[in-house]
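Structure provided below as structure tokens; questions to follow.
The values are calculated or read from the model by the stated rules, or taken from the named source; none is laboratory data. Quantities reported herein were computed from a predicted structural model and do not represent experimental measurements. With ideal geometry, Cβ positions are generated from the backbone for all residues, glycine too; neighbour counts draw on all protein chains shown.
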Amino acid sequence: MISRRAQQISPFLAMDVLERARQLEESGTHIVHLEVGEPDFDVPDCVKEAITRAVMAGNTHYTHSLGELRLREAICRYYKDSYQVSISPEQVVVSSGTSPIMMLLFATLLEDGDEVILSDPRYACYPNMVRFAGGEPVDVPVYEEDGFQMHPQAVSERITARTQAIVINSPSNPTGTLLTPENMRGIADLGITVVSDEIYHGLVYGGRAHSILEYTDDAVVIDGFSKRYAMTGLRLGYLIAPRRYVRALQKLQQNFVISASSVAQAGALAALEQAGPDVQRMARQYDARRRLMLDGLGRLGLSPASEPTGAFYVFVNARHICADSYRLAYDILEQARVGVTPGADFGSRGEGYLRLSYASSTSNIEEALARLEAYLAGLPDGRLAA
């Protein structure tokens with residue numbers, strides 16, 4: 001028997017597309033991958049060297065359950081330098097990636113039936129994490145023509161006696177847009193704990209990403225090293241929480257994770273202290289790719305109404321081609337040999353959209369655009385037949 005909790009988890013469609021793409025590749029088909037949000041850069045040299053030193057020195061054992069103190073102190077310095085906010089190492093919990101630590105967080109915050117407010121569209125896995133912890137996701141629609149902004153008034157209308165948290169993500173996956181400082185402050189002022197997923201900070205191409213800690217202390221920040229430091233395979237993330245939550249989080253970490261990887265923590269410390277120029281270099285290249293993709297999509301009639309200025313995604317409205325984003329994404333994969341993510345992965349308001357990642361080389365993006373152009377040219381009346 002499979003538990004109800006497991007049965008109610010929806011699949012991660014981006015991974016479904018990737019796995020089908022891998023099957024095609026095994027048969028000799030060349031696929032251009034734009035479906036997965038993973039940096040194509042190698043980790044910075046300083047990270048490699050720090051990990052090598054840690055292994056050679058035998059620093060391969062369990063660490064403190066909250067994370068190495070030196071790393072937590074470096075995270076505090078980073079937030080002070082970047083956002084002018086003061087936090088204590090005792091507020092930081094380092095774990096094996098941001099997804100596991102978000103699971104620990106919702107297990108800490110939620111009783112059965114408690115509610116968590118999310119934008120729609122939003123990162124695909126948020127609702128599943130909330131449900132697995134016994135909570136109920138509550139959607140706030142956000143709109144492309146409004147820059148996918150999450151407005152405090154719309155959020156306040158969905159607050160009930162069961163509301164335990166509001167989740168924000170800026171820059172956003174899948175839209176690549178940033179919340180305005182005014183909207184962040186307004187959401188912070190609603191009196192509900194804000195969970196701010198800041199994993200794409202550092203990858204911003206216009207304006208500045210703000211931390212929720214600039215506006216309130218009653219917030220939990222989720223961050224990590226996968227995106228801006230290209231450390232996805234090292235699986236290391238952290239949260240910053242009010243002190244009242246930390247002991248509960250620590251007990252969950254001790255039982256379900258024990259501690260984060262010691263060698264990954266050594267690499268993360270080097271990243272924070274030395275890899276700033278590497279992040280700037282990668283961000284410049286992402287920006288060039290972003291502009292290349294936006295220009296190419298514009299020529300195909302797929303320009304987003306709201307230009308993405310962060311992360312490494314473009315979220316395009318393809319409803320004029322096919323309202324079923326899952327069917328369209330798979331047809332593009334099978335016919336054009338380009339992997340894209342169905343917008344339905346990101347909520348009901350994502351249906352009819354496609355997410356394309358520009359965390360890929362310029363040559364791959366150019367090839368993908370050429371294949372998409374040929375694919376669209378072959379559709380009768382520019383629509384996927386029923």
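Being of a type in the set (Asp, Glu) and in a loop (DSSP other than H, G, I, E, B) is the requirement here; does Asp42 meet it?
On the way: of a type in the set (Asp, Glu): yes; in a loop (DSSP other than H, G, I, E, B): yes.
Yes; evaluated as a whole, the condition is true for this residue.
Name the residue that is nearest to Asp331 (Cα to Cα), counting only residues in the range 364-386 that are of a type in the set (A, V, I, L, M) and within 31 Å of the chain's Cα centre (by Cα). Spell out the reasoning first.
Narrowing the range 364-386 to residues of a type in the set (A, V, I, L, M): 365, 368-370, 372, 374, 376-377, 379, 384-386.
Next, from what is left, pick out any that are within 31 Å of the chain's Cα centre (by Cα): 365, 368-370, 372, 374, 376, 384.
Values: Ile365: 19, Ala368: 14, Leu369: 15, Ala370: 16, Leu372: 11, Ala374: 13, Leu376: 11, Leu384: 9 Å.
Among them, the one singled out is Leu384.
Only one of (1) without any contact (Cβ under 8 Å) to a residue 40 or more places away in the chain; (2) crowded, with 20+ Cβ neighbours inside 10 Å; (3) under 30 Å from Gly339 (Cα atoms) is not met by Ala219, so which one is it?
(3)
Between Tyr78, Tyr83, Tyr62, which is surrounded by fewer than 22 Cβ atoms within 10 Å (Cβ to Cβ), over 24 Å from the mean Cα position of the chain (by Cα), among the aromatic types (Phe, Trp, Tyr) and on the phi < 0 side of the Ramachandran plot?
Values: Tyr78 fails: over 24 Å from the mean Cα position of the chain (by Cα); Tyr83 fails: over 24 Å from the mean Cα position of the chain (by Cα).
From the options Tyr78, Tyr83, Tyr62, the qualifying one is Tyr62.
Check whether at least one residue in the range 156-168 is surrounded by fewer than 20 Cβ atoms within 10 Å (Cβ to Cβ), over 21 Å from Pro342 (Cα atoms), out of contact with any Cys (no Cβ under 7 Å at 6 or more places or on another chain) and without any contact (Cβ under 8 Å) to a residue 24 or more places away in the chain, and report yes or no.
The answer is yes, given that some residue of the range 156-168 is surrounded by fewer than 20 Cβ atoms within 10 Å (Cβ to Cβ), over 21 Å from Pro342 (Cα atoms), out of contact with any Cys (no Cβ under 7 Å at 6 or more places or on another chain) and without any contact (Cβ under 8 Å) to a residue 24 or more places away in the chain.
Separate question: Working only within the range 304-320, note down all residues that are closer than 22 Å to Ala374 by Cβ and in contact with a Leu (Cβ under 6 Å, 6 or more places away or on another chain). Explain how you work it out, then say what you get.
First pass over the range 304-320, keeping only residues closer than 22 Å to Ala374 by Cβ: 304, 314, 316-320.
Val314, Val316, Ala318 - these are the residues of the range 304-320 that are closer than 22 Å to Ala374 by Cβ and in contact with a Leu (Cβ under 6 Å, 6 or more places away or on another chain).
Could you go through the range 91-102 and let me know if any residue there is outside any strand (DSSP E or B) and either outside the structural domain of Tyr238 (by TED's automatic domain parsing) or without any contact (Cβ under 8 Å) to a residue 40 or more places away in the chain (or both). Please lay out each step first, then the result.
Of the range 91-102, the ones outside any strand (DSSP E or B) are 91, 96-102.
Next, from what is left, pick out any that are either outside the structural domain of Tyr238 (by TED's automatic domain parsing) or without any contact (Cβ under 8 Å) to a residue 40 or more places away in the chain (or both): none.
No: zero hits.
Then there's this: Answer yes if at least one residue in the range 148-164 is in a strand (DSSP E or B) and either touching a strand residue (DSSP E or B) at 6+ places or on another chain (Cβ under 8 Å) or acidic (Asp, Glu) (or both), and no otherwise.
Yes; the residues of the range 148-164 include at least one that is in a strand (DSSP E or B) and either touching a strand residue (DSSP E or B) at 6+ places or on another chain (Cβ under 8 Å) or acidic (Asp, Glu) (or both).
Return the residues of the range 15-55 that are touching a Lys or Arg at 6+ places or on another chain (Cβ under 7 Å) and of a type in the set (Val, Ile, Thr); say none if nothing qualifies. Lay out the reasoning, then the answer.
Of the residues in the range 15-55, the ones touching a Lys or Arg at 6+ places or on another chain (Cβ under 7 Å) are 29-32, 39.
Of everything in the range 15-55, those that are touching a Lys or Arg at 6+ places or on another chain (Cβ under 7 Å) and of a type in the set (Val, Ile, Thr) turn out to be Thr29, Ile31, Val32.
For the range 309-327, which positions are buried (at least 23 other Cβ atoms within 10 Å of the Cβ) and either in the same structural domain as Gly176 (by TED's automatic domain parsing) or in a helix (DSSP H, G or I) (or both)?
Correct list: Ser325 only.
All but one of (1) within 28 Å of Cys125 (Cα to Cα); (2) surrounded by 15 or more Cβ atoms within 10 Å (Cβ to Cβ) hold for Cys46; state the number of the condition that does not hold.
Unmet condition: (1).
Do we find a residue being on the phi > 0 side of the Ramachandran plot, in a helix (DSSP H, G or I), surrounded by fewer than 22 Cβ atoms within 10 Å (Cβ to Cβ) and among the charged types (D, E, K, R) anywhere in the range 339-350?
Residues of the range 339-350 on the phi > 0 side of the Ramachandran plot: 347.
Cutting the leftovers down to in a helix (DSSP H, G or I) gives us none.
No - not one qualifying residue is present in the range 339-350.
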